[in-house]
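This report refers to the structure that appears directly beneath it.
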Amino acid sequence: MRLLKIFNSILFLLLANFVQAQQISSDEGKELFTDAVAAFEKKDFQTAIELFSLLAEQGEPTSQHNLSLLYLKGLGSPVNYKRALRWAWLASLGGNKSAPELVDDIREMITEDLINIVSEEIVTELKEEAMAGDINTPEKLGKTYYQLFVTPDLKEAYIWFLIAQAFGHESPSQLLAEVEEQIEMADRIAYQDEAFETFGKISK
C-alpha cells in the first residue's frame, strides 16, 4: 500500500512536469522523456532512471527533477539523498518550477554535512564549466554559494554574481543587491578585484 501511494504521488508529479518537458528541443529528447514516463507507468523503474539520467546529464531540468524524485523515494535505485539533492538543485538552477520546493524538502531531511558536501561537489563542476567559457554558469555558481550551502558563502556568491552581471545577465541583479548589502565596503572592493581577475581568466 505504501509503495502504491508513493508510485501514485510520483506519477502525478511526473505528469505535472510533462508540460515543462515539452520545451525539450530535439525530437530524440522528447521521445526519451516520453519513454521514461512510460517506463515509470509500467513500474519499470530502472529503465525510467536510465532514460531520465540520459536527459539529466544533458542539462534537461524536468528530467533532473524527476530523477531526484526517484532517488528520493528509492524507485529504480536504493534511496540516495545525496543524488536526490544534487539533481533537485540542478533542476532548480535550470528553471524547473517544482524543484525549489523539492530542494527544501530534501534539505529538511538530511544533515548539514551532507548539504555542504553536495554543494561543494556542484560548485566544483560549475567552476570548470564557467572557466571553460560557459557564460550561463556564473549565475548558477552565485546562487549555489548563496542559497544551497548551509551557511551562505557571501564572498564567492558576490564574485560570481558580479561575473554574471559582466556577461550581461540581468536576472541575478536582485540577489547581487541582497548579497552586497551584507558585505562591508572594504570587503566589497577586495572581492571586486578578485572578480575582475577571475573574469579575465575565463576562456573567451
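Bear in mind that the values in this text are calculations on the coordinates, not laboratory data. From a predicted model like this one, the values you see are computed outputs, not experimental measurements. Note that we place each Cβ from the backbone using ideal geometry, even for glycine, and neighbour counts take in every protein chain shown.
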**OP:** Taking the chain as the reference, fit the longest principal axis to its C-alpha atoms, fit the long axis of helix 112-131 to the helix C-alpha atoms, and give the angle between the two in degrees, 0 to 90, nearest 10.
**Re:** 70 degrees
Original post:
Which entries in the list K127/K204; K30/K127; K97/K127; K97/K143 go over 19 Å, if you measure between the two C-alpha atoms of each?
Top reply: K30/K127; K97/K127
**OP:** Can you tell me how much longer the chain between N116 and E50 gets when fully stretched, taken as 0.36 nm per residue apart minus their C-alpha distance, in nm with one decimal?
**Re:** 21.1 nm
Original post:
Which angle between 0 and 90 degrees, to the nearest 10, do you get for helix 2-16 versus the longest principal axis of the chain when only C-alpha atoms count?
Top reply: 60 degrees
Subject >> Label assignment, Cα extents along the principal axes in Å derived from the structure, set [x] 67, 33, 31; [y] 64, 38, 30; [z] 59, 38, 24 >> reply: [z]
**OP:** Would you mind checking the tilt of helix 61-73 against the longest principal axis of the Cα atoms of the chain, expressed as 0 to 90 degrees and rounded to 10?
**Re:** 60 degrees
**OP:** Quote the FRET efficiency, to the nearest 0.05, computed for N136 versus K43 with a Förster distance R0 of 41 Å and r equal to the Cβ-Cβ distance.
**Re:** 0.65
Subject >> Anisotropy class of segment 112-201 from Cα gyration tensor, a/c 1.5 cut >> reply: oblate
